[in-house]
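Accompanying notes for the structure given below.
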Amino acid sequence: MSGETQVGIIGAGPAGLMLSHLLHREGIASIVLERRSRDYVERRVRAGVLEQASTDLLAATGVGERMTREGLVHDGIKLRFAGEEHRIDFRRLTGQGITVYGQQEVVKDLISQRLADGGDVRFEAEATAVEGIDDDHPSIAYRRDGEPATLDCEFVAGCDGSHGVARASFPPPLAGEGQGGGPRVYERSYPFSWLGILAKTPPASNELIYAYHERGFALHSMRSPEISRLYLQVAADDTMDGWPEERIWDELRLRLAEPELRAGEIIEDGITPMRSEVIEPMQRGRLFLAGDAAHIVPATGAKGMNLALADVKVLAEALTAWYRSTSRDLLDGYSDRCLRRVWRAEQFSAWMTALLHRDPAGDPFEHKLRLSYLRYIATSTAAATTLAENYVGFDTAK
Ligand code: FAD
Ligand code: DHB
């Protein structure tokens, strides 16, 4: 091994932690640098839906025990709009379901397994630059306890989310396609955000409710029989100041068509912008991007965490092949292999977002088209299957 470790990983989110765990199982050493504290990352409330492939990966690699016990298996979702409710039966349409299990629980389980296995996860260690990615000895410059430090390694995995430093060490993006060399960034922003709350109130439904309302989208999810996770479409420039608790609950009751939804203590709240972004390719030399560092999806399709886990499964396989046989084939194919799944998720997430959100600049015609498509999904097996097979995770390797 040249340097302090084989794989330097930036970021202790689902991508970075899972990668470190998978590499450990293959006898490959890694060090994870995370700029936040352990407590912070374990409390950060984000996504909650795991596809079957994600639950399989967690279970098959020994980190799924609590998820299997506490995760809520759902066989479908409810769509509500214009006073109607329709259930999309994932199990019947695809043979698969989903598991509702909070992202921070996945993060907790992975951290505790890494530490039990003697893993080196350095919290409050902020990467500031990635160097030498075009030669054999890359390094990560970072700061810990205010002191500058360097991590020398053989490969760098940029798992540092959408605002991380790894992607910044790529050459500048090119303006157009087909010019060779640098990566291209494909992006789209949406004229609305999501206000999310985690609240101490029993879920009003045993399954997720995706609601389209004239006033905008709402989503009813959950974390346990006592804790609900609820979202509202809000204006892109809204802040929490404009949303006192009573307004949030009133709006949720109205849009979800759940007049009995009980207000409870709000444990966490926040506003998240809706964005789509893909960096293509996701690699350069000895640097590989994974998860949000390489792509962002609007949350409507519940794909973010699933893509992050899927990327690092592919990356771990490629790094394992390299360390077993010094074959670069799988490493070279990493980005292409991931991007097939990423673009499927991008299309699905953008489509679900357009289907269920009120565009502030849209006209009444658009509203009617949306209602018609929702009714089509509710009554056509073909249309419902399209939603279902993408929601549970479409296998692009087929
Ligand atoms: P992250 O979980 O973002 O992990 C990256 C890690 O890198 C973080 O711990 C960060 O602190 C660390 N880091 C960043 N920069 C540095 C640095 N310079 N040095 C060291 N460490 C660094 N998806 C859904 O499907 N549904 C949702 O409801 C949903 N809600 C979301 C709400 C918010 C506020 C955000 C930001 C995302 C949400 N997502 C949601 C998306 C989903 O949570 C992400 O796709 C998922 O977290 C991706 O995992 P990751 O490991 O790639 O990135
Ligand atoms: C949750 C988040 C999502 O983005 C989604 O589409 C469904 C559920 C959740 O946090 O539970």
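Stretched out fully, how many nm does the piece from Ala397 to Glu246 gain, at 0.36 nm a residue minus the Cα gap? Show your work: numbers first, answer last.
Details: separation 151, 0.36 × 151 = 54.36 nm, distance 4.68 nm.
Working it through step by step, the gained length comes to 49.7 nm.
For region 228-341, what's the relative contact order in percent, using C-alpha pairs closer than 8 Å and at least 6 residues apart? Don't skip to the end; give the middle numbers.
Details: 84 pairs, mean separation 19.8, N = 114.
That works out to 17 percent.
Could you order Lys108, Lys78, Lys303, Lys313 so the one with the most accessible surface comes first? Probe is 1.4 Å. Display every interim value, and only then the final one.
Values: Lys108 70, Lys78 30, Lys303 10, Lys313 95 Å².
Largest accessible area first, the residues go Lys313, Lys108, Lys78, Lys303.
With +1 on each Lys and Arg Cβ and -1 on each Asp and Glu Cβ, and nothing else charged, work out how big the dipole of the chain is about its Cα centre, in Debye to the nearest 20. Intermediate values should be presented prior to the final figure.
Details: 46 positive and 59 negative charges, 191 e Å.
That gives the chain a dipole magnitude of about 920 debye.
For the cross-link pairs Lys368/Lys398; Lys78/Lys200; Lys303/Lys368; Lys200/Lys368; Lys108/Lys398, which exceed 30 Å when the distance is taken from alpha carbon to alpha carbon? Working shown, then result.
Values: Lys368/Lys398 36 Å; Lys78/Lys200 22 Å; Lys303/Lys368 27 Å; Lys200/Lys368 36 Å; Lys108/Lys398 33 Å.
In this structure, Lys368/Lys398; Lys200/Lys368; Lys108/Lys398 lie more than 30 Å apart at Cα.
Considering only protein heavy atoms, what is the solvent-accessible area of Thr381 at a probe of 1.4 Å, reported in Å² to the nearest 10?
Here the residue's solvent-accessible area equals roughly 90 Å².
Can you send over the solvent-accessible area of Trp343, 1.4 Å probe, protein chains only, in Å² to the nearest 10?
Spelled out: Trp343, probe radius 1.4 Å, area about 100 Å².
Taking all pairs of distinct Cα atoms, average 1/r, flip it, and tell me the Kirkwood hydrodynamic radius of region 1-134 in Å to one decimal place.
On the way: mean 1/r = 0.0598 Å⁻¹.
After inverting the pairwise mean of 1/r, the radius is 16.7 Å.
Output the DSSP H helices from the chain with an along-axis C-alpha extent of no less than 27 Å and a mean Kyte-Doolittle hydropathy no less than -0.5.
Values: long enough: 304-325 (32 Å, 0.52); 334-356 (33 Å, -0.25).
Correct list, ordered by number: 304-325, 334-356.
Relative contact order for region 95-144 using alpha-carbon pairs under 8 Å, separation at least 6, rounded to a whole percent? Spell out each step's value before the answer.
Numbers: 32 pairs, mean separation 12.0, N = 50.
It comes to 24 percent, rounded to a whole number.
Size of the dipole of region 84-135 about the Cα centre, Lys and Arg at +1 and Asp and Glu at -1 on the beta carbon, nothing else charged, in debye to 20?
Here the size comes out at about 500 debye.
Expressed in nm², what is the orientationally averaged projection area of the convex hull enclosing the Cα positions of region 274-339?
Details: hull surface 16.5 nm².
With the hull built on Cα positions only, its mean projection is 4.1 nm².
Which value, in Å² rounded to 10, gives the accessible area of Arg38 with a 1.4 Å probe and all protein chains present?
In the full protein context, Arg38 sits at about 90 Å².
Solvent-accessible area per residue for region 63-149 at a 1.4 Å probe radius, Å²? Show your work: numbers first, answer last.
On the way: 4070 Å² over 87 residues.
Normalised by residue count, the accessible surface of region 63-149 is 47 Å².
Using a 1.4 Å probe on the protein chains only, how many percent of the accessible area of region 211-304 belongs to carbon and sulfur? Show your work: numbers first, answer last.
Details: 1790 of 3770 Å².
Heavy-atom surface of region 211-304 belonging to carbon and sulfur, 1.4 Å probe: 48 percent.
The values are calculated or read from the model by the stated rules, or taken from the named source; none is laboratory data. These numbers come from a predicted model, not from an experiment. Every residue, glycine among them, receives a Cβ derived from its backbone with ideal geometry; neighbour counts consider all protein chains shown. Side chains are part of the model used for accessible areas, which takes the heavy atoms of the whole protein and leaves out ligands, DNA and RNA. Shrake-Rupley method; radii C 1.70, N 1.55, O 1.52, S 1.80 Å.
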